[in-house]
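Peer 1: This is the structure I want to talk about, given as structure tokens.
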Amino acid sequence: MSDGETGREFRLAYVPGVTPAKWVNIWTERIPGVPVTLIAVPAAEVVELLRNGGADAGFVRLPVDRDGLSVIPLYMETTVVVVPKDHAVAAVDEVTVADLADDEVLHPLDDTIEWTARPGLPAFTRPATTAHAVELVAAGTGLLLVPQSLARLHHRRDLTYRQVPDAPQSQVALAWPTDATTDLVEDFIGIVRGRTVNSSRGRTPASPAEKPARRQAQKPAQNGSGRRAVPAGRKRKGHRPR
């Protein structure tokens, strides 16, 4: 960590259902001098937060408006249908979209799944949030299709969920303002991509101030004359006889 990073913080936004703990734990081990501030933000608001400088980077759900943003897709989430425990769907391990054709399916305004054709029958209302939609499912007014992590987040004892393998899936990605790709952002990209602590900490090529230290650490042992020692049987390259 450079002296300029001491005392700074890294602001990381994340949308509901994403658990950033594993990446934050690695950050804390590698860069203990820079604390991480976590910012929970609704999926519909995370892009605006990033563009306005409210966070250095954030976990988003695709698709998003990428104008001015750099985006790294990370993983796909299984789509599930949330139903009351006494619903017929609860008796099977998984269902298809076609199986839901006769059910009313809620479509919240903050839905993160990109549908080409919405499943089931239209519900009587469009709830503002997924959390409200879950409450309506519990009231018996419809079913709800969401990424599995959101079904877990809004778990209720009177509800259950089943996988819908042929439904579109939600994709989680890391995004940040392209014009604000700082060293700390590069560090976090490296962590998310699984790079080790020895792989330039996930950054782009080292700055001039960092390079000499790395070369010094790898400098071969020298002999007593101040010249580099050459292994036996190996000729010096480029040496001209006098």
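Peer 1: Out of the residues in region 63-104 meeting the condition of being touching a Ser or Thr at 6+ places or on another chain (Cβ under 8 Å) and open to solvent by 80 Å² or more (accessible area, probe 1.4 Å), tell me which one is farthest from residue 134 (Cα to Cα).
Peer 2: 76
Peer 1: When region 62-89 is examined, which residues are found to be touching a Pro at 6+ places or on another chain (Cβ under 8 Å), within 15 Å of residue 145 (Cα to Cα) and of a type outside the set (Val, Ile, Thr)?
Peer 2: Of the residues in region 62-89, the ones touching a Pro at 6+ places or on another chain (Cβ under 8 Å) are 62, 68-70, 77-80.
Those left that are additionally within 15 Å of residue 145 (Cα to Cα): 77-80.
Once the filter is applied, which keeps residues that are touching a Pro at 6+ places or on another chain (Cβ under 8 Å), within 15 Å of residue 145 (Cα to Cα) and of a type outside the set (Val, Ile, Thr), region 62-89 yields only 77.
Peer 1: Here's a follow-up. Enumerate the pairs (first residue in region 116-132 and under 19 Å from residue 167 (Cβ atoms); second residue anywhere and polar (S, T, N, Q) and open to solvent by less than 100 Å² (accessible area, probe 1.4 Å)) with beta-carbon separation below 9 Å, excluding pairs fewer than 6 apart on the same chain, so at least 6 apart or on different chains.
Peer 2: From residues that are under 19 Å from residue 167 (Cβ atoms), the pairs are 123/141; 130/112.
Peer 1: Considering only residues that are part of a strand (DSSP E or B) and open to solvent by 30 Å² or more (accessible area, probe 1.4 Å), which ones fall in region 10-25? Before you say what the answer is, go through the steps one by one.
Peer 2: So the first thing to find is which residues in region 10-25 are part of a strand (DSSP E or B), and the list is 10-14.
Within region 10-25, 11, 14 qualify.
The rows are residues; the columns are (1) on the phi > 0 side of the Ramachandran plot; (2) at pLDDT below 95; (3) among the aromatic types (Phe, Trp, Tyr).
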position: 111; (1), (2), (3): no, yes, no
position: 115; (1), (2), (3): no, yes, yes
position: 121; (1), (2), (3): no, no, no
position: 125; (1), (2), (3): no, yes, no
position: 141; (1), (2), (3): no, yes, no
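Peer 1: Which members of region 105-141 meet the condition of being in contact with a Ser or Thr (Cβ under 9 Å, 6 or more places away or on another chain) and either in a loop (DSSP other than H, G, I, E, B) or among the β-branched types (Val, Ile, Thr) (or both)?
Peer 2: Answer for region 105-141, where residues must be in contact with a Ser or Thr (Cβ under 9 Å, 6 or more places away or on another chain) and either in a loop (DSSP other than H, G, I, E, B) or among the β-branched types (Val, Ile, Thr) (or both): 108, 109, 110, 111, 112, 113, 114, 123, 124, 125, 130, 141.
Peer 1: Among the listed residues 138, 90, 101, identify the single one that is more than 15 Å from residue 15 (Cβ to Cβ) and touching an Asp or Glu at 6+ places or on another chain (Cβ under 9 Å).
Peer 2: Exactly one of 138, 90, 101 is more than 15 Å from residue 15 (Cβ to Cβ) and touching an Asp or Glu at 6+ places or on another chain (Cβ under 9 Å), namely 138.
The values are calculated or read from the model by the stated rules, or taken from the named source; none is laboratory data. Fair warning: this is a prediction, and the values are worked out from it, not measured in the lab. Every residue, glycine as well, gets a Cβ built from its backbone with ideal geometry; the counts of neighbours run over all protein chains shown. When the accessible area is computed, the model is the full protein with side chains, heavy atoms only, and any ligands, DNA or RNA have been set aside. Shrake-Rupley method; radii C 1.70, N 1.55, O 1.52, S 1.80 Å.
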